[in-house]
1. Select from segment 213-232 the residues that are open to solvent by less than 30 Å² (accessible area, probe 1.4 Å) and assigned to a loop (DSSP other than H, G, I, E, B) and list them in ascending order.
2. I'd like to check which strands (runs of 3 or more DSSP E) are fully inside segment 84-170 and have at least 1 residues that are among the small types (Gly, Ala, Ser).
3. Those residues that are open to solvent by 30 Å² or more (accessible area, probe 1.4 Å) and in contact with a Leu (Cβ under 9 Å, 6 or more places away or on another chain), I need them from segment 398-422; list them, please.
4. How many residues does segment 47-76 hold that are at pLDDT below 95, open to solvent by less than 60 Å² (accessible area, probe 1.4 Å) and either out of contact with any His (no Cβ under 6 Å at 6 or more places or on another chain) or not β-branched (Val, Ile, Thr) (or both)?
5. Please go through segment 13-46 and give me each residue that is of a type outside the set (A, V, I, L, M), open to solvent by less than 70 Å² (accessible area, probe 1.4 Å) and touching a Leu at 6+ places or on another chain (Cβ under 9 Å), ordered by number.
6. Taking the stated definitions as given, is Gly98 open to solvent by 10 Å² or more (accessible area, probe 1.4 Å), modelled with pLDDT under 95, touching a Ser or Thr at 6+ places or on another chain (Cβ under 6 Å) and not hydrophobic (A, V, I, L, M, F, W, C)?
7. Return yes when Thr93 is touching a residue at least 12 places away in the same chain (Cβ under 8 Å) and open to solvent by 20 Å² or more (accessible area, probe 1.4 Å) and no when it is not.
8. Looking at Glu200, Glu191, which one is modelled with pLDDT under 95, open to solvent by 20 Å² or more (accessible area, probe 1.4 Å) and not basic (Lys, Arg)?
Amino acid sequence: MSWKTEYEGTDELRFFEELTRVPRPSRHMDRIREYLLGFADAHGLEHEVDEAGNVLVRRRGTGRTIVLQGHMDIVATTTSDHSFDFVNLPLETYVENGWIHARNTTLGGDDGGRLALMMCALSDPSLEGADLECLFTVDEEIGLVGAGRMRSGWLRGRVLVNLDSEDVNEITIGSAGSTDIVASFSYPRSEDPDVAYSVEVEGLRGGHSAMEIDKRRGNAILMVADLLRRMKGARISEIRGGSASNVIPMTASVTFTVPSRTDVDGIFDAYTSEYLSLVDEPGLVVSLRQGTCQDAWSAQDTSDFLEALCTCPNGAMEFDEYGVMTSSNIGVVEGDCNVVIKPRSSDYGRLLSLVDGIRALFERAGAVVPVPEVFPAWKESQDSGLVATASRVYRECFGREPRIVVTHGGLESSTIKSKHPGMEAISIGPTILGAHTPDECMDLRTLTEMKRYLFRLIEVLSS
């Protein structure tokens, strides 16, 4: 059966395709907010917008109130050879073998597929009578901003179904805590008469900085930094890389000068050959060319900066029975010059210790590093009533046991729960691969399966 006969005309696909036509990169929420409010008005649903810009849509009914929650923003990432205006243009989608993709960009299945399911729950006649609160949060991808700024006690319900998981076979009962550390450098610059070069890294696979952090993915920022650290007397003129703290950097570039006696070509060739043997990166392209620069940091400041960058914790660090427990991702180097690092851990004490260590490391190198807001980890008891009910309904719907997991990714459940004492939470969702990368795709079969499961779960939980 072709995907068209199987999925065309379903509400979940129709709503998702509508969402792909609404530009919604992080920090640009006006259009998606307007779209959701228009949807609520068209279906005669109550709605509110809070001070943070979150949207709450209510479908009044009887029984226990069930809260569904997802985030409005998407990670804006393109292939290295493609530019795209995420703020103003709709995504270009296509379906292949039952999976929906976007051409040369992220798809926004994270979290658009789940928003589509929430819209189905709000509008489907079969759920008439269920009391639903659907919370659409802003700017989750840049630090759980909407959940962090929502007011306490806004929600009536105390059963939360977060719709931000990426595997139909799983019920998520916990997530890692995380934060974004921003280290800002303002080294003085001076004229530099030495010969200038530029190095550019492209074609890395990237990936979600939680889900792929243990999969031998190269970090483009660390690659250019480690290469440059091998050239004595190097002075940085400009360094850039990465797109978001929760994405393993796929591209980076550095313009620098070195004393004329430096064997730049030899160091470059030796390093790239060595690096290729350490990572699983078949598409990696590294280029070296003559460059130009007017001024640069001193050699000592450059050395201090590179030492901090290259010794900063990066990658998977600790594991537990659920997988990666503690990690760090050097995600962005931008401007002149900010470094953004995202540490994560399902152990709050370890997370705080990691944050303190990273801040001290960059402060010693001369950066200003404000104390960040740290979001706590979350873990529901496997014996909780919600987990037991969700597992039983899953078995009834799918004829198999769900995997009960704790994700290393950050979910908003912990923050929302902290503002609503007594709330229980789980997270579910259709299957998505390659989130936060241009390879992102969503399995349409699981989108429909997840709607069926979600609707049955709402019916059972409401009674």
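The values are calculated or read from the model by the stated rules, or taken from the named source; none is laboratory data. In this text the structure is predicted, and so the values were computed from the model without any measurement. No Cβ is skipped: glycine too gets one built from the backbone with ideal geometry, and neighbour counts run over all protein chains shown. Heads up: the accessible areas ignore ligands, DNA and RNA and are worked out on the full protein's heavy atoms, side chains in. Shrake-Rupley method; radii C 1.70, N 1.55, O 1.52, S 1.80 Å.
1. Once the filter is applied, which keeps residues that are open to solvent by less than 30 Å² (accessible area, probe 1.4 Å) and assigned to a loop (DSSP other than H, G, I, E, B), segment 213-232 yields Ile213, Gly218, Asn219, Met231.
2. 99-102, 130-137
3. Lys417, Lys419
4. Kept after step one, since they are at pLDDT below 95, are these residues of segment 47-76: 62-63, 75-76.
Next, from what is left, pick out any that are open to solvent by less than 60 Å² (accessible area, probe 1.4 Å): 63, 75-76.
Next, only the ones that are either out of contact with any His (no Cβ under 6 Å at 6 or more places or on another chain) or not β-branched (Val, Ile, Thr) (or both) stay: 63, 76.
Residues that pass the stated criteria total 2.
5. Phe15, Phe16, Thr20, Pro23, Tyr35, Phe39
6. Working: open to solvent by 10 Å² or more (accessible area, probe 1.4 Å): yes; modelled with pLDDT under 95: yes; touching a Ser or Thr at 6+ places or on another chain (Cβ under 6 Å): no; not hydrophobic (A, V, I, L, M, F, W, C): yes.
For Gly98, the condition - open to solvent by 10 Å² or more (accessible area, probe 1.4 Å), modelled with pLDDT under 95, touching a Ser or Thr at 6+ places or on another chain (Cβ under 6 Å) and not hydrophobic (A, V, I, L, M, F, W, C) - is not met.
7. Details: touching a residue at least 12 places away in the same chain (Cβ under 8 Å): yes; open to solvent by 20 Å² or more (accessible area, probe 1.4 Å): yes.
The answer is yes for Thr93.
8. Glu191
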